[in-house]
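The values are calculated or read from the model by the stated rules, or taken from the named source; none is laboratory data. Remember, it's a predicted structure, so these values are computed and weren't measured experimentally. A quick note on method: Cβ atoms are made from the backbone with ideal geometry, for glycine too, and the neighbour counts reach across all protein chains shown. Ligands, DNA and RNA are stripped out before the accessible areas are found, and what is left, the full protein with its side chains, is counted by its heavy atoms. Shrake-Rupley method; radii C 1.70, N 1.55, O 1.52, S 1.80 Å.
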Amino acid sequence: MISMATSVVTSKRPAGAHREQSFEDNVNFFFDRAAAHCSHAKGLLDQIRACNSVYAFKFPVRHPDGGIEVVRAWRVEHSHHKLPTKGGIRYSPQVEESEVKALAALMTYKCAIVDVPFGGAKGAIQIDPSRYSLEQLERITRRYTHELDRKQFIGPGLDVPAPDYGTSEREMSWIADTYSQLHTGQIEALACVTGKPVTEGGIQGRKDATGRGLMYALSEACRSAEDMKALGFPVGIEGKRLVVQGLGNVGYHVAKCCREQGAIIVGIAEQEGAIANPKGLDEEAVFQYRKRTGSILGFPGATDILHSLDALELDCDVLVPAALENQLTGDNAPRVKARIILEGANGPTTPEADEVFQQKGLLVIPDVYANAGGVTVSYFEWLKNLAHVRLGRLDRRREAATELRFLHAIEIATGKKFTEAERASLVRVTDELAIVNSGLEDTMVVAYQEIRETLRKQPAMRDLRTAAFASAINKVAVVYEELGIFP
Ligand code: NAD
């Protein structure tokens with residue numbers, strides 16, 4: 001990286017913030033807004049919108065000094081129209097029941113949008129993971145899993161958690177092990193959770209799936225000459241300037257995948273502040289710097305922004321909120337300079353901000369579609385666990401042999417031989433990662449076109465978020481109508 005003196009920008013933020021509604025209210029607002037464009041009976045819409053089951057519980061954690069702390073936890077299953085239900089587990093000191101319900105609802109709609117056959121769910125423990133030792137975190141995770149198991153809120157055919165804010169494949173591994181211990185001999189036990197390490201039944205490409213899926217979503221949006229012209233942009237990701245909020249799983253990988261496609265990361269925001277460099281930032285170098293120093297501030301060659309939220313107002317083409325909900329509000333939305341908002345986090349944009357973006361003619365690629373890459377690859381992992389075989393293992397050699405036969409036929413027909421280099425580039429032995437990424441790309445592209453087409457047919461919906469919610473509502477409605485009501 002270029003090394004030069006680090007400059008500092010302090011906040012120009014006006015005092016006094018807007019009073020916003022809760023995240024759950026926001027999700028329900030977006031649901032109602034879309035439902036107005038669908039022709040379903042009110043009772044059916046009420047059923048789709050309602051959270052079916054909420055399990056709220058508490059359990060004790062022992063501290064090294066012998067003291068005991070009681071922590072709060074939840075698992076919410078929003079919709080059982082398809083089973084199992086699916087959704088991540090969040091560790092955060094701020095998390096509340098209402099937030100978990102909002103996230104579970106988003107999962108239902110998200111799965112429907114990308115045709116992943118699951119109902120929506122979400123879980124959370126109200127802790128700050130950085131305050132606990134590794135051993136305590138393991139105990140907390142295992143106790144949480146045990147509590148879910150006792151109430152049948154986890155299982156390959158019941159409810160399948162995954163990583164979310166504050167958790168990673170480490171916690172998923174502990175969950176898989178705990179569940180397996182409690183269900184000795186259950187052959188599909190590993191499918192009780194996804195996002196596991198590859199060595200513990202995980203799948204290649206799951207860790208970066210949400211970020212990669214966001215890149216595919218952006219790429220598909222940027223392929224449309226009509227939509228890019230409306231924004232005053234050339235087609236394609238290449239050269240687009242991105243600001244990313246949050247350098248965790250989603251933020252890091254979306255930055256990496258987009259940069260590899262030619263985008264320039266001009267700003268990165270974290271909890272302690274933000275950094276900007278119009279010439280471009282390397283997410284890996286920033287990540288390593290933060291790991292070493294404990295902060296992204298002072299990164300060589302970049303300008304420090306002391307108030308992290310100010311980074312959302314930096315001059316850029318694409319803004320990627322990839323940290324938490326309610327980051328773009330009625331307060332800061334008017335000052336956002338990006339023309340595309342790519343929602344990596346769940347619920348980063350409030351309805352007030354959404355309206356501002358609408359008025360400004362911005363393209364918002366909504367969370368409920370854009371960050372569905374994680375659950376899509378989780379679905380592939382679940383299938384792999386049930387099948388007990390690595391993707392591609394049975395037929396990859398056979399496919400390569402078929403391709404070789406084609407090349408040979410072409411050689412005979414043309415009388416010309418392929419060089420070894422040509423042969424190598426034309427015949428590929430497909431590995432699991434290639435299969436996963438191609439399935440992910442296909443899912444994101446097909447879903448984008450479906451949403452875009454819905455909006456084209458019903459321009460009164462005005463934006464992709466409304467079209468995405470409407471698409472989800474229609475799909476879930478069909479399932480409920482076909483299933484009927486028991487008893
Ligand atoms: P993570 O814990 O890996 O990373 C979150 C990052 O955001 C951390 O580095 C944290 O320090 C940073 N952060 C927290 N508050 C911030 C603030 N105010 N400003 C700037 N940065 C801040 O979590 P994640 O898995 O990357 O999830 C991020 C978001 O993406 C969440 O909304 C989550 O629900 C959503 N999401 C995650 C996945 C997934 O597969 N992990 C899938 C879909 C959606």
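Numbers at a glance
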| item | result |
| --- | --- |
| Whole-Hz ³J(HN,Hα) from phi, Karplus 6.51 cos²θ - 1.76 cosθ + 1.60, for region 289-298, glycine and proline x | 4, 5, 5, 6, 9, x, 7, 7, 5, x |
| Kirkwood Rh and Cα Rg combined as Rg over Rh, evaluated for region 125-164 | 1.02 |
| GLN458/ALA56 FRET efficiency (R0 35 Å; Cβ-Cβ; nearest 0.05) | 0.35 |
| Rounded if a/c under 1.5, otherwise prolate or oblate - region 155-298, Cα gyration tensor axes | oblate |
| Exposure rank, largest accessible area first [LYS86, LYS229, LYS207; 1.4 Å] | LYS229, LYS207, LYS86 |
| The chain - share of DSSP beta bridges that are antiparallel (%, nearest 5) | 45 percent |
| Cα-based shape type of region 434-487, given that a ≥ b ≥ c are square roots of the gyration tensor eigenvalues and the cut on a/c is 1.5 | oblate |
| Magnitude of the charge dipole, the chain, Cβ model with Lys/Arg +1 and Asp/Glu -1, debye to 20 | 520 debye |
| Per-residue [θ]222 nm for the chain (sum of -39500 (n - 2.57) over DSSP H runs n ≥ 4, rounded to 500) | -14000 deg cm²/dmol |
| Under Karplus coefficients 6.51, -1.76 and 1.60, residue-wise ³J(HN,Hα) of region 283-288 in Hz, glycine/proline x | 4, 5, 5, 5, 4, 5 |
| Pairs from LYS58/LYS207; LYS58/LYS122; LYS101/LYS337 whose Cα-Cα separation, in the structure shown, is over 20 Å | LYS58/LYS207; LYS101/LYS337 |
| Over region 90-246, relative contact order from alpha-carbon pairs under 8 Å, at least 6 apart, % | 17 percent |
| Sequence-distant aspartates and glutamates (8 or more away, or on other chains) whose Cα lies within less than 18 Å of LYS417 | GLU403 |
| FRET efficiency for ARG335 and ILE412, using Cβ-Cβ distance with R0 set to 51 Å, rounded to 0.05 | 0.20 |
| Candidate lysines - alpha carbon under 18 Å from LYS457, same-chain residues fewer than 8 apart omitted | LYS475 |
| Region 139-203 - Kirkwood radius from inverse mean 1/r over Cα pairs (Å) | 11.5 Å |
| Computed label-point distance, nm, for sites LEU426 and ARG397 using a 7 Å Cα→Cβ extension | 2.3 nm |
| Accessible surface ranking that places the most exposed of THR293, THR454 first, with a 1.4 angstrom probe | THR293, THR454 |
| Förster radius 41 Å - calculated FRET efficiency between SER168 and ILE485, Cβ distance, rounded to 0.05 | 0.55 |
| If the convex hull is drawn through the Cα atoms of the chain, its volume per residue in Å³ | 189 Å³ |
| Percent accessible area from carbon and sulfur atoms, region 101-240, protein chains only, probe 1.4 Å | 48 percent |
| Potential extension, LEU306-SER133 segment - 0.36 nm per residue separation minus Cα distance | 59.3 nm |
| Furthest towards positive pole of dipole, ALA468, GLY43, GLY211, structure part the chain, Cβ charges | GLY211 |
| Distance between modelled label sites at GLN186 and GLU355, nm, 7 Å Cα→Cβ extension | 4.7 nm |
| Estimated vicinal HN-Hα couplings, Hz - region 403-418 in sequence order (Karplus 6.51, -1.76, 1.60; Gly, Pro = x) | 4, 4, 5, 4, 4, 4, 4, 5, 4, 5, 5, 9, x, 10, 9, 6 |
| Å² per residue, accessible surface of region 171-287 at 1.4 Å | 37 Å² |
| Sorted largest first, extent of region 340-379 alpha carbons per principal axis (Å) | 37, 15, 9 |
| Percentage relative contact order, the chain, counting C-alpha pairs under 8 Å, at least six apart | 17 percent |
| Residues with amide H under 5 Å from that of THR167, placed H, sequence gap 5 or more | TYR91 |
| Sequence-distant residues sharing a close amide H with GLN245 (under 5 Å, placed H) | ALA269, VAL320, ALA322 |
| Region 210-264: C-alpha gyration tensor shape, a/c 1.5 cut-off, then a/b vs b/c | prolate |
